[in-house]
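Student: Provided herewith is a single structure, encoded as structure tokens, for subsequent inquiry.
The values are calculated or read from the model by the stated rules, or taken from the named source; none is laboratory data. Everything quoted here is computed from the prediction, not taken from an experiment. With ideal geometry, Cβ positions are generated from the backbone for all residues, glycine too; neighbour counts draw on all protein chains shown. The area values use the complete protein model at the heavy-atom level, side chains included, leaving out ligands, DNA and RNA. Shrake-Rupley method; radii C 1.70, N 1.55, O 1.52, S 1.80 Å.
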Amino acid sequence: MAVGRAPAEDARTVLVGIDGGGTATRLRLATPDGTILGTGQGGPANIATDAECGWRSVRDALDQAMAQAGLSPVGCRLVAGAGLAGAEVPEARARFMALPAIFTDIEIVTDAYTSCVGAHGGQDGAMVAAGTGTVGYAVAGGQTRRVGGWGFPQGDEGGGAWIGLEVIRLMLRAGDGRAPRTALTEAIRNRAGADGGDPMIWAVGARPADFACLVPQIVAAAGQGDAQARALLARAGAEIDGLMAALLEGDGFGGLPCCLVGGLADVLRPCLSPWSRSRLSEPRGGAIEGALVLAGRLHSGAIGRE
């Protein structure tokens with residue numbers, strides 16, 4: 001928690017939920033009793049890579065939401081819960097908090113934490129997020145556990161960037177004769193060369209999101225019966241199985257309900273083992289709902305101190 005700007009004595013309390021990821025920021029305003037007042041969107045908010053960019057993204061989203069709600073920061077006590085990518089790095093949080101204060105109070109945690117809290121409506125539980133990257137996170141009795149989520153290319157196995165890189169590797173082996181050319185490798189080769197460049201060097205300098213953009217083509221090929229595409233998605237499913245097994249083992253975490261969330265959840269759910277599928281429950285909310293839960297707790301704690 002950090003105390004920011006000082007509000008007016010008669011200021012209205014507004015809860016702010018912030019979901020800041022590597023590509024976009026979502027923000028929601030609510031009253032302490034849960035009435036939604038406004039929403040806003042901004043750019044990337046990975047504070048480990050660029051704290052100033054994250055601050056601007058949050059500020060842009062806040063300005064939109066305040067305008068939509070017909071409110072002014074001057075007349076409000078803004079209490080924020082923020083799940084931000086990169087928040088697990090203490091230096092990143094310090095850099096973000098050193099920037100001009102926007103909120104009266106703010107609690108900054110990782111976006112994995114708010115995703116888990118949101119998925120279980122503020123109750124104890126576990127989740128595996130599968131999007132461009134992957135991470136497993138659990139909250140039980142005030143204790144937390146994290147598995148994976150160490151970034152691409154060194155980690156994030158089973159996520160969209162990892163799947164895209166693996167299909168590029170297939171294409172490269174086929175392109176120089178180390179493996180047979182197939183319908184999938186040719187389709188990816190054509191995609192990589194669509195801008196007129198050499199498909200064999202397409203991956204040089206490509207970002208995680210660029211690799212992840214190949215996933216819809218792989219999913220389509222799998223749906224048409226392509227054996228390579230199906231095998232690749234099965235490997236991704238096995239990586240998610242591994243995250244779940246590690247996350248849910250041991251005292252205090254083994255009996256937790258677990259949700260699969262993220263942009264690839266529906267794609268990879270059929271690829272999971274029977275054990276993993278049997279452990280899954282439907283999420284009750286997302287990261288922004290979890291951030292609002294965090295803001296509500298911060299507000300309640302402030303009341304208790306008054």
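Student: I'd like the carbon and sulfur percentage of the solvent accessible area for segment 240-306, probe radius 1.4 Å, heavy atoms only, ligands and nucleic acids excluded.
Tutor: 55 percent
Student: Report the far tail of the P(r) of segment 230-306, meaning the percent of Cα-Cα pairs longer than 18 Å.
Tutor: 54 percent
Student: Could you tell me how many degrees, from 0 to 90 and to the nearest 10, lie between the Cα long axis of helix 227-247 and the main elongation axis, the longest principal axis, of the Cα atoms of the chain?
Tutor: 40 degrees
Student: Further, regarding this structure: Output the Kirkwood hydrodynamic radius of segment 205-263, Cα pairs only, in Å rounded to one decimal.
Tutor: Over segment 205-263, the inverse of the mean reciprocal pair distance is 13.7 Å.
Student: While we're here: To the nearest 20 debye, what charge dipole does the chain have about its Cα centre, counting +1 at the Cβ of each Lys and Arg and -1 at the Cβ of each Asp and Glu?
Tutor: 340 debye
Student: Considering the dipole of segment 22-124 built from charges on the beta carbon (Lys and Arg +1, Asp and Glu -1) around the Cα centre, which of Gln41, Ile108, Ala82 is farthest to its positive end?
Tutor: Of Gln41, Ile108, Ala82, it is Gln41.
Student: Of the listed peptides 205-218, 114-127, 163-176, what is their order by residue-averaged count of other C-beta atoms within 10 Å, with the highest listed first?
Tutor: Per-residue Cβ counts within 10 Å, averaged per peptide and sorted highest first, yield 114-127, 163-176, 205-218.
Student: Turning to a different aspect of this structure: Return the carbon/sulfur percentage of the accessible area of segment 123-170, one whole number, probe 1.4 Å, all protein chains in place.
Tutor: In segment 123-170, the share of accessible area belonging to carbon and sulfur is 47 percent.
Student: Take the Cα radius of gyration of segment 108-233 and divide it by 2.2 N^0.38 Å, with N its residue count; two decimals is plenty.
Tutor: 1.27
Student: Restricting to Cα pairs below 8 Å that are 6+ residues apart, what does the relative contact order work out to for the chain? Please round to a whole percent.
Tutor: Averaging sequence separation for qualifying contacts and normalising by length gives 22 percent for the chain.
Student: Heavy-atom accessible area per residue, the chain, 1.4 Å probe: how many Å²?
Tutor: Heavy-atom SASA per residue in the chain reads 45 Å².
Student: Ignoring solvent entirely, what values of log10 I(q)/I(0) come out of the Debye formula for the chain at 0.15 Å⁻¹ when each Cα is a single scatterer?
Tutor: The Debye formula, applied to the Cα set alone, gives -1.13.
Student: Something else now. Please list, in chain and number order, the residues 5+ apart from Arg12 or on another chain whose amide H is under 5 Å from its amide H, with Hs placed from the backbone.
Tutor: Under 5 Å from the amide H of Arg12: Cys76, Arg77.
Student: Another one. If the convex hull of the alpha-carbon atoms of segment 156-306 is projected onto planes in all directions, what is the mean projected area in square nanometres?
Tutor: 12.9 nm²
Student: Relative to the first principal axis of the alpha-carbon coordinates of the chain, what is the inclination of helix 287-305, with its axis defined by its Cα atoms, in degrees from 0 to 90 and to the nearest 10?
Tutor: Rounded to the nearest ten degrees, it is 20.
Student: Give me Rg/Rg_expected for segment 125-197, where Rg uses Cα atoms only and Rg_expected = 2.2 N^0.38 Å with N residues.
Tutor: 1.53
Student: Right, something else. Mind listing the long-range amide H neighbours of Val261? Cut-off is under 5 Å, sequence gap 5 or more, other chains count too, H placed in the peptide plane at 1.01 Å from N.
Tutor: Val128, Ala129, Ala130
Student: Using the Karplus curve 6.51 cos²θ - 1.76 cosθ + 1.60 with θ = phi - 60°, work out ³J(HN,Hα) for each residue of segment 54-70 in order, rounded to whole Hz, and write x for Gly and Pro.
Tutor: Those phi angles translate into x, 4, 5, 4, 5, 5, 4, 5, 5, 4, 4, 5, 5, 5, 4, 7, x Hz.
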